[in-house]
Structures are given as C-alpha cells and as structure tokens.
Amino acid sequence: MCLQAESSWGERIGKEGILERYSQRAQPQPKVIALHPHGGCSFAAQNYSLSASSGESAVQREHGRLLWGLATDTLIYGVSTALARVVNFLLTPLQTNVLAPAEFGEVSYLYALLAFVNIALSLGFESAYLRFAAEASEAEQARVFTHAWGAMVLNALLWGVVGWAAAPQLARLLGLTALGSEGVRLAVLIAVCDAVALIPLARLRLERRAARFAGIRLVHVLLVALGNVLFLLLLHWGAHGVLWAGLVASATVAVVALPLARGLLRCEYSASLLRAMVRYALPTVPAAFASIALQVADRPLLMLLLDARAVGIYQANYRLALPLLMMVSVFEYAWRPFFLRTYTRADAPELFARVALVWACVAAVGFLATALLMPVVVRIPIAGTHLIPPAYWEGLGVVPIVAAAYGVYGLYICAAASAHIAKQTWWLALALGAGALGNVGLLFALVPVMGYIGAAWATLGAYGIATGVMLWGGRRLYPVPYPWHAIVLLWALTGVVWWGGMQLEPGGRLVLLAVVGLAVGAWGWWQYRRV
C-alpha cells in the first residue's frame, strides 16, 4: 500500500505482506487503496458492511482510542523531554561558574557540531528501521533490525576510528585550544555510543514502550547532571569534565540498550534489503542537515546584517518559545511510530486528518499561553533577578512569531507521514531544503527593513514553505483529507484573540486563556466528528 516498487525483498514485503494484512481487517472497510507506479496511492469509496451512522460512530470511537494512545505516548515522551530541558538549564550556571568563558564556549561549540556528526553517523537508518520494521512480519523483524543496526554501527565505528586518529588535526582546525585532541576524542566516543543505542531505542518507540524509552532517557539526563557535579565540582577536570559526563551517560545508555537487540541479530546478509533501506535512508540525511540549517541559519546572518547585540536579544527571546518547541518535539517522537503502525488501516487518511486537527487545536492553545503569558513571566522577579534581564525585553515581539512557526512545523510533521509511507523520502529533503533556502532569502529581504523581528518572520515563512511543499507532495504520495478550512479559521481567530489579549492585564489574560482553551476544546470536538 502506497509503496514504491522495489526489487526482491523490498517489493515482496512492501506489497504482498501489507496487502495481505490489509485484506484480513475486520469490516467495515470504508476505502480501498490503489497502487501507482510512481509510488503514490489513491482512495476509492467502498460500501460499508454496517449502516452509515453506526459505521461512522464505530470509526470515530476507534479513532478516539488510537488518538488517546498517541496522546498518552506524547505525554510520556514529554515528561522526559521536559526534565532534560530543565536539567540542561540548571547545568548552565554550574558550568559558567566553574569554566572560563573560552572553555564554556568551546564545549558549547563542540556539542553543536555533534548534532551534525550524529546525523552523519546514523545515515538515516533510524528512519529506515522504523519504516521497514513497521511492515515486516515477525519472521522478518530480525533481518530488518540486523541490517539497520549493523550498517549504522559499522559506519559509526569507521568514522569513529578516523576521528580518533585525526583528533590533533581536527582540534587545530576547529580552534579547540582548551579542549585539544582529548576533547575531540571524547566527542567521537560520545557520538559512537549514541549511534550504537539509536536503533534499539527506536525499537521501543515502534513497539509503544514509551515508558521504558523515557526511563532510559531519564537515566541519561541524571547521569549527565551527576557527572557534571562529580567532574567539575569534586574532581576539577575543567572543560574535559563536561565531556566525560556526557561520555559516561551515553556509554551507559548504549550498554542498557544492547539487551534490546537480544534475539534480533542474525549472521546473514540480504543485498536487496540493504539496497531498499539505503534508498530510503540516504535522502533523510540532507533533509536532517537542511532542518538544522533552517533552525540555525538566522544567527550568523543576523551577525552579518546587524550586530552582536541584536543577535543576543534575538537569541534570548527565541528561546522563550520553548513551550511550543517542546510540544512539537514530543509530538514528533510519538507520531512517527504511530502512523507507521496504523497506515495500513483503510480509514488511516481520515485518522491522520483528525491528528492534524487535534495538533492545530493544541498548538493554538499552546501559542496563546506562550505569547500572552511569557511577557508577564519574564517580568516576575526571581531571587532578585529575572528569567531574562530587562535589557532583552525589547525583543519580546520575537516570541509569538517563533511560537507560531513551531505550530506550523507541527503540520509539516503531520504531512511528512506521506513521504515516509510511500518511501519517497527525497520529498523531505526537497521540502526542508526549500524551507532553508527560503529562510536565507527572507532574512536578506526582511532583516534590513525590520531588524531582528524580520528574522523571526523569516523563520515562520521558512516553516510555511517547507510545510507547503510537503503538503503538495503528499497529495501525490498518500492523500489525506486535512480539514484546512477549519485549521485556517482556527489559527486566524487565534491571532485575533492574541492581539486582543495583549491589551489586557495579566489577570485578564489568564481568564481569557482559560475561556479560549475550553472553547477550542469544544469546537475541536465538533470538528473532529465532522472529519
């Protein structure tokens, strides 16, 4: 169903396995699915075996059950993500009080580079594993796991050896005078350990063992925190202590994750399976790089077009949109295994449309909470200081725009399901690449006119471009009947409510938020029944 034709293993499991399972589903089946040579699919109406009203009611109840499971997983992922953010926030004063600014800067710089290194080491095989394992029979699960994990680990070990050997040269090239070659080698080991654990942890997500996944993440967070206290405060290892804390945490997670591979490793090789997985995985690598570029390109270009002060004000207020960032991050964690488990259902397009509607409602309330209350929260004195100093408050106009951008990005995540289902992942690179290029173009167009506020609008525009391209491609790959009129109307009214709410005192904003939250919930339920 909705699969690109592939040779040998890929075609067999892609068509026969899924269509066989699809044919065994219990009635009613409201739609049938037709394969197309280009990898997309279309839907044709089919008679219900139940009456229309009872059939619709049963479908709505089943969708409600599935969405409740998605919400539960999202909440579990959210707890671990929130704790990780809080711990990282609390580690900042510890590290800045122990390390010199240059040392802290080098550590921050090296960890930023690790984000790119992790993409290069994983080569997109986490996404490939989730996609292929979702359609594999029990007998084929071990083969999929072996090929995905084996290819990733071999790639990570290869580049790990290269990085270890070239550590002195890399340290000089990167200007790491405080960390030196030892810091580079520690970072290499962290990246390799993260790669070793990635596929076993992805298995937990696919099998809906969200609590165990979150527990392992919490172990990592706590070990990082304890390691910083031990290596910085007690042993006085300086900047290297931060990296040692990260290595201990990542190595522990890798050791804990290895038993998850028990019973899934096989001494066998399938060229057709590996080729199919590589074709799926590789386009996600430039997509991941484009995603990071979309997120970070505004800072260096702001420095080029304005000055360091503007970058500082922009960055501080950009981070205040953290609630929406966390919401979209945990939603993505739960969403990918969810749609890969459910897309074989005949009513999956309607289910996915309802997910997008629910996201639009949640994002609308989250946007209002962030945009209305954050300007109040930053002005509350905390132990004689503020969340951000008054010198940064002039940039609070950045917050609602960036929060809105994250809301739009959530729709991109919904739409990206079509590319994953149809195994046309090059659409991800196309959409995010268009967004990244659009971001650069909008930055050059808006920043000279609007200052750093223009950079925030460029971010919103970039996510809008990426979402638009992905939705356009999704119509060919795996059509979903999104309720666009309802979503656009909701978000337009949300903008009006935000503008009006900004004229109120803090107490009035809280009352308005409570009333709007209830209204959005009731309206969303009404629209949910209409999808």
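Might you let me know whether the stretch 168-179 holds any residue that is in the same structural domain as Ala102 (by TED's automatic domain parsing), of a type in the set (Ser, Thr, Tyr) and surrounded by 15 or more Cβ atoms within 10 Å (Cβ to Cβ)? Give the steps one after another, and end with the answer.
Of the stretch 168-179, the ones in the same structural domain as Ala102 (by TED's automatic domain parsing) are 168-179.
Checking which are of a type in the set (Ser, Thr, Tyr) leaves us with 177.
Next, only the ones that are surrounded by 15 or more Cβ atoms within 10 Å (Cβ to Cβ) stay: none.
No, the stretch 168-179 contains no residue that is in the same structural domain as Ala102 (by TED's automatic domain parsing), of a type in the set (Ser, Thr, Tyr) and surrounded by 15 or more Cβ atoms within 10 Å (Cβ to Cβ).
Give me a count of the residues in the stretch 514-531 that are closer than 14 Å to Val362 by Cβ and in contact (Cβ under 8 Å) with a residue 12 or more places away in the chain.
The total comes to 8.
State all residues of the stretch 105-133 that are assigned to a helix (DSSP H, G or I) and farther than 23 Å from Trp164 by Cβ; if no residue qualifies, say none.
Of the residues in the stretch 105-133, the ones assigned to a helix (DSSP H, G or I) are 105-122, 125-133.
Listed by number, the residues that qualify are Gly105, Glu126, Ser127, Ala128, Tyr129, Leu130, Arg131, Phe132, Ala133.
Filtering the stretch 502-525 down to residues that are in a helix (DSSP H, G or I) and over 29 Å from the mean Cα position of the chain (by Cα), which residue is surrounded by the fewest Cβ atoms within 10 Å (Cβ to Cβ)?
If we filter the stretch 502-525 for residues that are in a helix (DSSP H, G or I), which is where we start, we get 506-525.
Filter once more, keeping what is over 29 Å from the mean Cα position of the chain (by Cα): 506-512, 515.
Numbers: Pro506: 13, Gly507: 9, Gly508: 12, Arg509: 21, Leu510: 16, Val511: 12, Leu512: 17, Val515: 11.
Here the residue is Gly507.
How do the helices (runs of 4 or more DSSP H) wholly within the stretch 263-319 filter down when requiring 2 or more residues that are of a type in the set (Val, Ile, Thr), modelled with pLDDT of 80 or more and within 27 Å of the chain's Cα centre (by Cα): which remain? Step through it out loud before you land on a result.
Details: elements: 271-281, 284-296, 298-305, 308-318.
Where helices (runs of 4 or more DSSP H) fall fully within the stretch 263-319 and carry at least 2 residues being of a type in the set (Val, Ile, Thr), modelled with pLDDT of 80 or more and within 27 Å of the chain's Cα centre (by Cα), they are 284-296, 308-318.
Would a scan of the stretch 300-318 turn up a residue that is without any contact (Cβ under 8 Å) to a residue 12 or more places away in the chain and either within 29 Å of Leu493 (Cα to Cα) or assigned by TED's automatic domain parsing to the domain that holds Arg208 (or both)?
no
Collect the residues in the stretch 99-117 that are crowded, with 18+ Cβ neighbours inside 10 Å and not aliphatic (A, V, I, L, M), keeping them in residue-number order.
Glu103, Phe104, Glu106
Would the stretch 333-352 turn up any residue that is outside the structural domain of Ile76 (by TED's automatic domain parsing), among the β-branched types (Val, Ile, Thr), closer than 30 Å to Leu121 by Cα and modelled with pLDDT of 85 or more? It would help to see each step written out before you state the result.
We begin by selecting, within the stretch 333-352, every residue outside the structural domain of Ile76 (by TED's automatic domain parsing); these are 333-352.
Still in the running and among the β-branched types (Val, Ile, Thr): 342, 344.
Then drop every residue that is not closer than 30 Å to Leu121 by Cα, which leaves 342.
Restricting the remaining residues to those that are modelled with pLDDT of 85 or more gives 342.
For the stretch 333-352, residues outside the structural domain of Ile76 (by TED's automatic domain parsing), among the β-branched types (Val, Ile, Thr), closer than 30 Å to Leu121 by Cα and modelled with pLDDT of 85 or more: present.
Looking at Trp491, Trp472, Trp499, which one is closer than 19 Å to Gly407 by Cα, at pLDDT 90 or above and loosely packed, with under 13 Cβ neighbours inside 10 Å? First the steps, then the outcome.
On the way: Trp491 fails: loosely packed, with under 13 Cβ neighbours inside 10 Å; Trp472 fails: loosely packed, with under 13 Cβ neighbours inside 10 Å.
Going through Trp491, Trp472, Trp499 in turn, the sole match is Trp499.
Search the stretch 177-232 for residues being in a loop (DSSP other than H, G, I, E, B) and more than 20 Å from Ala257 (Cβ to Cβ), and hand back the single one that is nearest to the chain's Cα centre (by Cα). Spell out how you get there, then give the answer.
The initial filter retains those residues of the stretch 177-232 that are in a loop (DSSP other than H, G, I, E, B), namely 177-179, 207-209.
Those still in the list that are more than 20 Å from Ala257 (Cβ to Cβ) too: 177-179.
Working: Thr177: 33, Ala178: 33, Leu179: 30 Å.
Per the stated criteria, the residue is Leu179.
The values are calculated or read from the model by the stated rules, or taken from the named source; none is laboratory data. Quick caveat: nothing in here was measured; it's all calculated off a predicted structure. No Cβ is skipped: glycine too gets one built from the backbone with ideal geometry, and neighbour counts run over all protein chains shown.
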